[in-house]
Amino acid sequence: MDPDWLPFNPNPSKPAFKVPSGAVDAHCHVFGPAAQFPFASERKYTPCDASKDQLFGLRDFLGFERNVIVQATCHGTDNRALVDALVHSEGRARGVASVDRNVTDADLRSMHEAGVRGTRFNFVRRLVDFTPREVLAEIASRIAPLGWHVVVYFEAQDLPELWDFFTTLPATVVVDHMGRPDVTKPVDGPEFELFVRLMREHPNIWSKVSCPERLSKSGPPTYDDVVPFAKRIVETFPNHVLWGTDWPHPNMKSHMPDDGKLVDFLPRIATTPELQRKLLVDNPMRLYWTD
Ligand code: 0GY
């Protein structure tokens, strides 16, 4: 498969917003290097190589202390690149893996020791083939004893069909990117209200308020149309939100964001120091660094 990536921005701007001390970039990836950690044969896209050292360099440049590295579909259920980054992070990175039903308890324990604290279920049709719900439910019950949570990625129009599955998962559930709302629709319209109701009725469901660059139609560098959606979730559920850069922004076809400008998006959605501390420090520490 030919590569189909845009290169990530090698020279992001220095953010004007200074993140609070101890801040966590709670959604980012490492890719390859492919020569060492090949991409999965079933992948739907091929990203650029994006190494752990480049990620840790960006972390320091933007002023963050820690990373949560999320397994992306292009590496399938081969979590070696992720685990390699975790074990070389000096305890400053935790991970979310993807596993299938053949994973052994010994594999799960060894990933846990490396710093994995969750598993990800991806429902975005352009990214993955269908996995039966009973297989996912079986995986969720296998990881529960480790205290792991489940990260779910889906698009807003699919929430009604996924509702019953999400609300019966026996763990904390973290939704990527607010369930990908259509931000051309009203922030208080039925589609986003359904997502707000999901979080309100199920306090074990958290949300990442990340990825304005993926959701925006108004575009960079300010992504104005995403602000009301993310701000609403941060203000309504201040103890159940996370944020991440999404570096190196796989699968972005329209433009490659400036990570410094993404950091400058933060004070527009978390408008007080208290909300900023919860979003960037307290919440991710509670979920990923309890030990
Ligand atoms: C993201 C978003 C995307 C990709 C993946 O696992 C993945 O491949 O999550 C996307 O294409 O929207 O969060 O990285």
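For segment 163-291, with all protein chains in place and a probe radius of 1.4 Å, 54% of the accessible heavy-atom surface sits on carbon or sulfur. Rg ratio for segment 39-110: its Cα radius of gyration over 2.2 N^0.38 Å, N being its residue count, equals 1.18. Size descriptors for segment 124-168: radius of gyration and Dmax over Cα atoms are 11.4, 32 Å. Its residues counted as N, segment 4-75 yields a C-alpha radius of gyration over 2.2 N^0.38 Å of 1.22.
A DSSP coil position with no more than 15 other Cβ atoms inside 10 Å describes the following chymotrypsin sites (Phe, Trp or Tyr not before Pro) in segment 128-175: 130.
Mind scanning 44/208; 44/253; 44/185; 185/278; 217/261; 185/217 and naming the pairs with a C-alpha gap bigger than 18 Å? Walk me through the intermediate numbers first.
Values: 44/208 23 Å; 44/253 14 Å; 44/185 28 Å; 185/278 28 Å; 217/261 16 Å; 185/217 11 Å.
Distance filter (> 18 Å) returns 44/208; 44/185; 185/278.
Placing a pseudo-label 7 Å from each Cα along the Cα-to-Cβ vector at residue 77 and residue 204 gives an inter-label distance of 2.2 nm.
Exposed loop sites were defined as GluC sites (Glu not before Pro) in DSSP loop states (anything but H, G, I, E or B) carrying at most 16 other C-beta atoms within 10 Å; in the chain the longest segment without such a site runs 156-291. Between residue 4 and residue 289, the distance separating the two model label sites (each 7 Å from Cα on the Cα→Cβ line) works out to 3.8 nm. Shown here for segment 94-160: trypsin sites (Lys or Arg not before Pro) in loop regions (DSSP other than H, G, I, E, B) with at most 16 other Cβ atoms within 10 Å, namely 101, 125, 126. Applying 0.36 nm per residue to the separation of residue 167 and residue 144 and subtracting their alpha-carbon distance, the gain on full extension is 6.8 nm. What translational D, rounded to a whole number of µm²/s, comes out for segment 173-257 from Stokes-Einstein when the hydrodynamic radius is the Kirkwood one over Cα pairs, at 20 °C and 1.002 mPa s? Diffusion coefficient, whole number: 163 µm²/s.
How fast does the chain diffuse by Stokes-Einstein, in µm²/s, taking the Kirkwood radius from C-alpha pairs at 10 °C and 1.306 mPa s?
Numbers: Rh = 18.9 Å.
Once the numbers are plugged in, D ends up at 84 µm²/s.
Adding -39500 (n - 2.57) for every DSSP H run of four residues or longer, then dividing by how many residues the chain holds, sets the calculated 222 nm ellipticity at -9500 deg cm²/dmol. Counting only heavy atoms of the protein chains and using a 1.4 Å probe, residue 112 has close to 50 Å² of accessible surface.
The values are calculated or read from the model by the stated rules, or taken from the named source; none is laboratory data. Here the structure is a predicted model, which is why all the values come from computation and not from measurement. Every residue, glycine as well, gets a Cβ built from its backbone with ideal geometry; the counts of neighbours run over all protein chains shown. The protein model used for the area step is the full one, side chains on, heavy atoms only, and it has no ligands, DNA or RNA in it. Shrake-Rupley method; radii C 1.70, N 1.55, O 1.52, S 1.80 Å.
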